[in-house]
Structures are given as structure tokens and as C-alpha cells.
Amino acid sequence: MDRVLAMHTFVRVVETGSFSAVAREQSTSQSAVSKQVAALERHLGAKLLTRTTRTLSLTEDGERYFENARRLVAEVAEAEGQLRRGEQQLTGWLRLAASVGFGLRVLRPHVHSFLAANPGVRIDLQLNDGFIDLIEHGIDVAVRIGNLADSTLVARRIGSIRRAVVASRAYADAATAQRPMPKIPEDLKDHPCIVYTELRSRNLWDFSTSDGSKVSVRVAGPLQTNSSEILRAAVVDRVGIAYAPTWLFQDLIASGDVQVLMPGWEPSPLPLHLVSPPERRHSAKVRAFSEHLSAALEGLPTCC
């Protein structure tokens, strides 16, 4: 059995959802494709696919094997392509991960421009506000905001994220003499605050001033969430005040629908990194995307 060919065939069967489609790609018969997959299953000692006359689905073992197999097949294709073209064109899959809000509001246009510049590349963009294991999910490169925990991942800092305390204009317009809008961090204790739970400090908000003064205040409110998009919507809906990256509200701040509060007190910027599993550090696609995104954010010390 040609293991690389069998692995490629298995990956394409899963991607297309069809033995017959892969048979047409390979100019062979459907039974030949089925035999390749069956031979791979015998070699691994595990059933990878559940097949009926109408459906095709991955088994639990198949799901675990598929991501690794797809990455290996892509690496083989990339290595061969670079030799044939003298490394002039990137090819194959690049799997990216980022938080939902950052992916939608910052990363998206740079992914599109990277694809336009590299027509041989296909991108699988995974957006999730929670922590994901890059190796387990077959991710080539991920955007991470904040200080990194010690790990075996290879990290490259590409910028910083500016943060601010924000509220909707409607919320500010409803302020009263009994409860005016906050001017210093301590004033936040008198207001409902929306807590983003993916932040390590959660409801402990840190501030500093240009003269080096620092203060932390513990806030409370009716809503906490692990979703940056829910945080944004809650601010717009006047649920309360948020402590968030400015990119999440950039358009609303520009339109005046959201206001930055306490301009003299600013949260410290958060570092912005690209991280990769160590085995992907030499990937031409990972290097190219890292350079592309770094150049797009260059010159902006607090990128968004």
C-alpha cells in the first residue's frame, strides 16, 4: 500500500463526501478508491468511516486521524510544489484560529488579501472565543491576545491591542445627578458593568495614567459572557459599561454611538501574538501569513 496516496485518498473522500467524486479526480474506479481506504483502515487497525448507501461519516477514530492526515497531505503537497516551482508559489491548506470578534472585525480583510496574493492557498479559519489546543485541532497558526502562558508553542509578537472603558451614547444620555458617568475607576462601582470571562482578570479592571499612577477596581453587573460579540451587543443595548479592546467598537466610536469613558485612565495594552506548534514553524505558508499580517499592522503600536 502507498500510504501517502491512501492518506490523500481518505482526506479527499472526507472533504468531498463522496467515493465517486474522488474516483473521478483520480481517473479510477469507485471500488479502487474504496479499497485504498479499506487498506488504510487495516493498516491502522481502526475504522475511519461509517458508510451506508446514502451517507458517509467519520468515526471517532476517523475524526482524530483526519486532521492529522489532512495536515500531512498538505505538507507533502507543499514540499513537492516548492521544488517544482522553486518556492515561487504557495499551495495547499493553511489552518488559522482566532477569537470570533477579532476574526470578524480585524483578521477577515487580511485573510482575504492573503488569499488574493496567494491563489494556490486555501484557508480553514476557525473562530472560537475559548481556548483550543492547536495540535489537537490541527491548527497551523493562531492569533492570541494577551500574555501567553508557558508552552511549547512558537510565538511571534506582531503588535499590541489598545483597550478602553466604553458605554453607549444612550447610556450616557440617561446619566443623572445621582449617578453621573464615571470619571475615575472608583466611580465604576456605582454602575452596572459587563464582564468578559475570557479575560484573566475577569471583573478586576486595571488602569494606569500617563504619570504612572495605577489602580485596580472590582466591578459587578447583571451580565457576564465569554463572547466578544455579546459584549458589544450588550453595550449597544444599554446593559452597562464594558472594558474591551477598541477594535470591537471602532465603528461605533467613530459614529458617536459608543463613547470612550475616563480618557485619563487607560487599561494597559495587551500583546498580540501569532503562535504555532513547533513542527509548523518552518512552514512556508505560516511564515508568509505571519509576514503578511505583521506588515498589515505595522506602524500601529496599539493596532486597534
Dipole of the chain, Cα-centred, from +1 at each Lys and Arg C-beta and -1 at each Asp and Glu C-beta, to the nearest 20 debye?
400 debye
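Tell me, GLU266, GLU298 in order of fewest to most beta-carbon neighbours within 10 Å?
Starting with the residue having the fewest Cβ neighbours, the order is GLU298, GLU266.
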Once you keep just the Cα pairs under 8 angstrom separated by 6 or more residues, what percentage relative contact order results for the stretch 145-304?
42 percent
Which whole-number percentage describes the relative contact order of the chain, with Cα contacts under 8 Å and a sequence gap of 6 or more?
20 percent
What is the local net charge at ASN203, summed over the other residues whose Cβ is closer than 12 Å to its Cβ (Lys, Arg +1; Asp, Glu -1)?
+3
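Give me the net charge of GLU279's neighbourhood, meaning all other residues with Cβ under 12 Å from the Cβ of GLU279; Lys, Arg count +1, Asp, Glu -1.
With Lys, Arg at +1 and Asp, Glu at -1, the net is +1.
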With point charges of +1 on the Cβ of Lys and Arg and -1 on the Cβ of Asp and Glu, referenced to the Cα centre of the stretch 3-82, which listed residue (SER20, THR59, VAL73) lies farthest in the positive direction of the dipole?
SER20
Excluding residues on the same chain fewer than 8 positions from LYS183, give the lysines whose Cα lies under 24 Å from its Cα.
LYS214
Please express the shape of the stretch 163-261 as an equivalent ellipsoid: the semi-axes are the square roots of 5 times the eigenvalues of the C-alpha gyration tensor, given largest first in whole angstrom.
18, 17, 14
Could you check which residue among SER57, SER228, SER168 shows the biggest mean-square fluctuation in a GNM of the chain with a 10 Å Cα cutoff?
SER57
With axes computed from alpha carbons, what is the tilt in degrees of helix 60-85 against the longest principal axis of the chain, rounded to the nearest 10 within 0 to 90?
80 degrees
List the relative contact order of the stretch 3-82 as a percent without decimals, with contacts defined as Cα pairs under 8 Å and 6+ residues apart.
29 percent
Listing SER113, SER227 by rising number of other beta-carbon atoms within 10 angstrom, fewest first, gives SER113, SER227
Calculate the dipole size of the stretch 3-82 relative to its Cα centre from +1 charges on Lys and Arg beta carbons and -1 charges on Asp and Glu beta carbons; express the result in debye to the nearest 20.
360 debye
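Tally Lys and Arg at +1 and Asp and Glu at -1 over the other residues with C-beta under 14 Å from the C-beta of PHE102: what net charge comes out?
In short, +3.
Where a number appears in this text, it was derived from the coordinates with a stated rule and is not lab data. A quick note: this is a predicted structure, and the numbers were derived from the prediction, not measured. Counting neighbours? That spans all protein chains shown, and the Cβs are built from the backbone with ideal geometry, glycine included.
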